[in-house]
Amino acid sequence: MANFTKIQSQYDNDCNNLISAFFATNKNSDPNYINQEINKIRATTISKLRTTYVSELSKYTGRNTIVYYSTFLQGNMMSTNPELMINDNDMNGLMNAVSGLDKKKGLDLILHTPGGITTATEAIVKYLRKCFNSDIRVIVPHLAMSAGTMIACSAKEIIMGKESSLGPIDPQYRNVPAEGVIDEFNRAVKEIQAAPQKALVWKEIISQYRPTFLGECQYAIDLSRNLVTEWLSTCMFKSNKKREAKVGCIVNGLASHSSSKMHDKHYDFEDCKKIGLKVIALEKDSNLQDLVLSIHHSYVLSSYVLPGTLKYIENNNVQTFVISGNK
């Protein structure tokens, strides 16, 4: 099985060979020039390593492959840079990745993301479904949280390994769990009704909500639930005669803040199976597992070799869309 150490060793060997060849022919002694050329070699080498594995996966499956990979785990975990998350700018990268692909072959979307904006997620899912006639598998090599889980639920099946996790789909609104806000407000109402003297305590908390905030939180909750319900019903469980009840149980399991307790709760393969999602074990196909994990580790290594990169959106035809900035 491919692991990070093997991928790093392969990168080091390829890079060192190219650097040695450069020094063997280089006659320019300017240190700035030498550093620039070595950095180019490193960037080119890691890019080739990533795209080679992505192309090999596509050849193995006979399907198109697009990788959507955020480097959120390799930066400041408190970062609020929106480019680390799913947002409307991603559509440009996905349009680039989809261009030129044979749509009849379907799509394997390798997804690694902390989540992001619900409305941007809706647009992305609609676009990809139209392009590939809903013949989409989502492969999660590590994490697809929040809105990433929503995208996974829009696919016909989800491929996960023992190390993979999805998360609750209770949306974040202005960086707080929307369902948590509603639960807190309902708790305040009940406690004040039972003990009016607690009104002063709750007043300090509730007064921090700006006008319409509760309504907007409820809208965000309703939107995420409705989208996932629709997507599960029209693809993953389209042919299931009991899909309404099936989908309802899944949405309640993924969307309930009271069930998950934490917005960043991790649901592994077994959890997702119990919830009712159509999940396929990555370990069932050792070749597929090796290729997917090789891709994953090559992107992890890329985030260290090129620390300024926030997100990659790439396909099996070496069409690359890279977003850089401060983490």
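For the reader, a short list of remarks on this structure follows.
- For the stretch 214-228, the criterion of being part of a helix (DSSP H, G or I), touching a Cys at 6+ places or on another chain (Cβ under 7 Å) and either surrounded by 15 or more Cβ atoms within 10 Å (Cβ to Cβ) or on the phi < 0 side of the Ramachandran plot (or both) is met by at least one residue.
- Scanning the stretch 142-164 for residues that are more than 12 Å from Cys272 (Cβ to Cβ) and not in a loop (DSSP other than H, G, I, E, B) yields a count of 5.
- Scanning the stretch 129-141 for residues that are assigned to a helix (DSSP H, G or I) and in contact with a helix residue (DSSP H, G or I) (Cβ under 7 Å, 6 or more places away or on another chain) turns up Cys131, Phe132.
- Checking Gly167, Gly148 one by one, the residue that is buried (at least 16 other Cβ atoms within 10 Å of the Cβ) and touching a Lys or Arg at 6+ places or on another chain (Cβ under 8 Å) is Gly167 and no other.
- Pairs, first of a type in the set (Lys, Arg) in the stretch 177-204, second buried (at least 16 other Cβ atoms within 10 Å of the Cβ) and assigned to a helix (DSSP H, G or I), C-beta under 7 Å, six or more apart: Lys198/Ile192
- Being in contact with a helix residue (DSSP H, G or I) (Cβ under 6 Å, 6 or more places away or on another chain), β-branched (Val, Ile, Thr) and either farther than 16 Å from Leu166 by Cβ or touching a residue at least 60 places away in the same chain (Cβ under 8 Å) (or both) is a description that applies to Ile221.
- Pairs linking a residue in the stretch 23-37 that is loosely packed, with under 10 Cβ neighbours inside 10 Å to a residue that is part of a helix (DSSP H, G or I), with Cβ atoms under 9 Å and 6 or more positions apart or on different chains, are Asn28/Ile34; Asn28/Glu37.
- Residue that is modelled with the highest pLDDT, among those in the stretch 229-239 that are of a type in the set (S, T, N, Q) and exposed (fewer than 15 other Cβ atoms within 10 Å of the Cβ): Thr234
- Remark: Thr45 matches the filter, which requires a residue to be at pLDDT 95 or above, touching a Phe, Trp or Tyr at 6+ places or on another chain (Cβ under 9 Å), surrounded by fewer than 23 Cβ atoms within 10 Å (Cβ to Cβ) and hydroxyl-bearing (Ser, Thr, Tyr).
- Those residues of the stretch 115-127 which are in contact with a Ser or Thr (Cβ under 8 Å, 6 or more places away or on another chain), in a helix (DSSP H, G or I) and under 10 Å from Ile151 (Cβ atoms), in sequence order: Val125
- Residue within the stretch 178-201 that is exposed (fewer than 15 other Cβ atoms within 10 Å of the Cβ) and under 19 Å from the mean Cα position of the chain (by Cα) present: no
- Tallying residues that are in contact with a Ser or Thr (Cβ under 7 Å, 6 or more places away or on another chain), at pLDDT 95 or above and not in a loop (DSSP other than H, G, I, E, B) within the stretch 255-275 yields 2.
- Check on Leu73, closer than 22 Å to Met160 by Cβ and touching a Pro at 6+ places or on another chain (Cβ under 9 Å): yes
- On inspection, Ser154 does not qualify as under 25 Å from Asn226 (Cα atoms), in contact (Cβ under 8 Å) with a residue 60 or more places away in the chain and out of contact with any helix residue (DSSP H, G or I) (no Cβ under 7 Å at 6 or more places or on another chain).
- Contacts under 8 angstrom Cβ, first residue in the stretch 60-78 being farther than 19 Å from Ile313 by Cα and among the polar types (S, T, N, Q), partner at pLDDT below 95 and assigned to a loop (DSSP other than H, G, I, E, B), 6 or more apart: Asn76/Lys327
The values are calculated or read from the model by the stated rules, or taken from the named source; none is laboratory data. Just so it is clear, the structure is predicted and the values come from calculations on it, not from any experiment. Note that we place each Cβ from the backbone using ideal geometry, even for glycine, and neighbour counts take in every protein chain shown.
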